[in-house]
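J.: The structure follows.
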Amino acid sequence: MLYSDKVMDHFANPRNVGEIEDADGIGEVGNAKCGDIMKMYIKVDGDIITDCKFKTFGCGAAVATSSIATEMIKGKSIDNALGLTNKAVVEALEGLPPQKIHCSVLAEQAVRSALSDYYTRQGIDPEPILGKPAQHDEHDEHAG
Amino acid sequence: MEKRYIYADNAATTAVSENVLQSMLPYFTSQYGNPSSIYKLGRDAQKSVEEAREKAAAALGCSPSEIFFTSCGTESDNWAIRATAERLAAKGKTHIITTAFEHHAVLHTCAYLEKHGFTVTYLPVGEDGVIKPSQVADAITDKTALVTIMYANNEIGTIQPIAEIGAICREKGVLFHTDAVQAVGHVPINVAEQNIDMLSVSGHKIHAQKGTGLLYVRKGIPLPNLIFGGGQERGKRPGTENVPAIVGLGTAITDACADIPEKGERLTKIRNKIIDGILNIEGTRLNGSREKRLPGNINISFLGVEGEALLLLLDSKGICASSGSACTSGSLDPSHVLLSLGLPHEVAHGSLRLSLGEDITDEDADYIIAAVKDVVTRLRNMSPLWEDIVSGKEHTKKLLPFVSKITLV
């Protein structure tokens, strides 16, 4: 398995690890049975995600994708975060091995899950904005 | 602690030893003859191949004519199982007995045979990773062609009761093959005394080069060819002999089997020290029997941690190891070996295998223990699963019986 230097950097020195105690939104995706869980915390001020932290149980790519995803949305607008795609995560990491692409999907879902929680807390129905909560593709059969 | 480099993945492969390399070198250049040639250069090459055969036979307790050189352990397994099955199918024997935790070389050959009309019994392994001889006895029917059970497991190092299984098979008139790739050079083997009919060996696990192996086939067993060609290996496994590799394998198997008790005693002591040191970490478990275990094998699961991440961080500390997590197996499921022990996926994902080399030192052991503690702590600190476990979340409670006591916060 060959990881890019960028993946290795984000795995070995993950950015924004931790929790936000008074978070405005918390998202959690994946499950332990499949070997990866991502938990993402966001702090929102107006339209801006002022802080973002994560905790991940998973492989090198799972840690790296969550780390870079926090960097990609922190200090940016909510609209920007809504537009975050797994493809952008992969590109930012200078590529992922094919069998690790699902980690980037998980990172995108973690961000959307945190945003969904944020909207819910604001009394706004997240579904018209985010669509139905994304299913964790093939891992889903294990969920439970 | 000063950084060290420790290769602890000897069950994956080993370095070619200096002694093996030196024995091989002349056969690349000055002694390059084809063993089938009539002139002296060829005859000398043939003599060297036969000497290697004698060495392998001496190491395994059989006669040289029962040794066939192959290209690897996988080839040996395929040949023994498939050729035997297909020969005996003609006599109405279409049943094979194996275990749930064999190497894929065996499992996938069995799966192939299942697609071609054979019935395969996969004996369950049980929590300690050791098959009971009675399981084999109970599974044998009048249709059973072959029992194939590994000598020692490649992931958890558990040693199977081979002599007892051999005796049962011999008594019932069923052929018995064992994949001994992980066992040779680590435990004393005598194919005659242990009633083994066929046995697979891989060279690169015992300091010979990759791409070399052998199959022992007891005299009188008519094993059909897997491939066809010239008269090499008595026409059974044709193709011009890989003379340097065969010579190297002869040296390697002699060296590996020369000091098994002494080597085993020393390794076992260091292995136990590492096991005890790592098991001091809460929420861990040793996978497989501690006693019936290869001297150099350690396989431990850490709850709340994923195996590939563990390996990458250990690598950054100079330690080479492996894991049975899904991410390292290349599939969505973790290792079939760990699952066969009855472990939940969550526990299997967090496994670490260390397979020690003969050169391991006490200082290496201290370094490994410290490094593992450090890495596990680091990963648990960022693990939402670990957070759920220590805070006693309901969905994690089913995992607790599988590991050592965890202090809830």
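The values are calculated or read from the model by the stated rules, or taken from the named source; none is laboratory data. On a predicted model such as this, the values are computed, not experimentally measured, just so you know. All Cβ positions, even for glycine, are placed from backbone atoms using ideal geometry, and neighbour counts span all protein chains on display. These area figures cover heavy atoms from the full protein model, side chains too; ligands, DNA and RNA do not enter into them. Shrake-Rupley method; radii C 1.70, N 1.55, O 1.52, S 1.80 Å.
J.: Output the residues belonging to the range B:352-372 that are within 13 Å of B:Met1 (Cα to Cα), out of contact with any strand residue (DSSP E or B) (no Cβ under 6 Å at 6 or more places or on another chain) and open to solvent by 10 Å² or more (accessible area, probe 1.4 Å).
T.: Correct list: B:Glu363, B:Asp366, B:Tyr367, B:Ile369, B:Ala370.
J.: Could you run through the range B:1-25 and say how many residues are outside any loop (DSSP other than H, G, I, E, B) and either in contact (Cβ under 8 Å) with a residue 12 or more places away in the chain or crowded, with 16+ Cβ neighbours inside 10 Å (or both)?
T.: Qualifying residue count, the range B:1-25: 9.
J.: Additional query: Report yes if some residue within the range A:29-39 is basic (Lys, Arg) and within 13 Å of chain B (Cβ to nearest Cβ); otherwise report no.
T.: Yes - at least one qualifying residue is present in the range A:29-39.
J.: Failed condition for A:Gly75, given (1) out of contact with any Lys or Arg (no Cβ under 9 Å at 6 or more places or on another chain); (2) under 14 Å from A:Gly30 (Cα atoms), with all others met?
T.: Going through (1) out of contact with any Lys or Arg (no Cβ under 9 Å at 6 or more places or on another chain); (2) under 14 Å from A:Gly30 (Cα atoms) one by one, A:Gly75 breaks only (2).
J.: Here is a check on your reading of the model: is B:Val375 more than 14 Å from chain A (Cβ to nearest Cβ), over 16 Å from A:Lys33 (Cβ atoms) and either in a helix (DSSP H, G or I) or in contact (Cβ under 8 Å) with a residue 40 or more places away in the chain (or both)?
T.: no
J.: When you look at A:Asp5, is it within 14 Å of chain B (Cβ to nearest Cβ), out of contact with any helix residue (DSSP H, G or I) (no Cβ under 9 Å at 6 or more places or on another chain) and surrounded by fewer than 22 Cβ atoms within 10 Å (Cβ to Cβ), yes or no?
T.: yes
J.: Somewhere in the range B:307-314, is a residue closer than 24 Å to B:Gly129 by Cα, in contact with a Phe, Trp or Tyr (Cβ under 7 Å, 6 or more places away or on another chain), within 9 Å of another protein chain (Cβ to nearest Cβ) and surrounded by 19 or more Cβ atoms within 10 Å (Cβ to Cβ)?
T.: Checked the range B:307-314: no residue is closer than 24 Å to B:Gly129 by Cα, in contact with a Phe, Trp or Tyr (Cβ under 7 Å, 6 or more places away or on another chain), within 9 Å of another protein chain (Cβ to nearest Cβ) and surrounded by 19 or more Cβ atoms within 10 Å (Cβ to Cβ).
J.: Then there is this: A:Val111: farther than 19 Å from A:Ala23 by Cβ and in contact (Cβ under 8 Å) with a residue 24 or more places away in the chain, yes or no?
T.: For A:Val111, the condition - farther than 19 Å from A:Ala23 by Cβ and in contact (Cβ under 8 Å) with a residue 24 or more places away in the chain - is not met.
J.: Would you be able to say whether some residue in the range A:41-50 is out of contact with any helix residue (DSSP H, G or I) (no Cβ under 9 Å at 6 or more places or on another chain), more than 8 Å from every other protein chain (Cβ to nearest Cβ), open to solvent by 40 Å² or more (accessible area, probe 1.4 Å) and polar (S, T, N, Q)?
T.: Yes: the range A:41-50 contains one or more residues that are out of contact with any helix residue (DSSP H, G or I) (no Cβ under 9 Å at 6 or more places or on another chain), more than 8 Å from every other protein chain (Cβ to nearest Cβ), open to solvent by 40 Å² or more (accessible area, probe 1.4 Å) and polar (S, T, N, Q).
J.: Residues of the range A:81-127 being under 15 Å from the mean Cα position of the chain (by Cα) and among the hydroxyl-bearing types (Ser, Thr, Tyr), which ones?
T.: A:Thr85, A:Ser104, A:Ser113, A:Ser116, A:Tyr118, listed by residue number.
J.: On to the next question. In the range B:378-409, how many are surrounded by fewer than 18 Cβ atoms within 10 Å (Cβ to Cβ), within 14 Å of chain A (Cβ to nearest Cβ) and not hydrophobic (A, V, I, L, M, F, W, C)?
T.: So the count comes out to 8.
J.: So B:Ala145 passes all but one of these: (1) part of a loop (DSSP other than H, G, I, E, B); (2) in contact (Cβ under 8 Å) with a residue 40 or more places away in the chain; (3) touching a helix residue (DSSP H, G or I) at 6+ places or on another chain (Cβ under 9 Å). Which condition number does it fail?
T.: (1)
J.: In addition: Looking only at the range A:8-19, count every residue that is open to solvent by less than 50 Å² (accessible area, probe 1.4 Å), assigned to a loop (DSSP other than H, G, I, E, B) and either farther than 19 Å from A:Gln109 by Cα or within 10 Å of chain B (Cβ to nearest Cβ) (or both) and tell me the total.
T.: 2
J.: Same structure again: Can you tell me which residues in the range B:319-342 are closer than 24 Å to B:His395 by Cα, without any contact (Cβ under 8 Å) to a residue 60 or more places away in the chain and buried (at least 24 other Cβ atoms within 10 Å of the Cβ)?
T.: B:Ser325, B:Ala326, B:Cys327, B:Pro334
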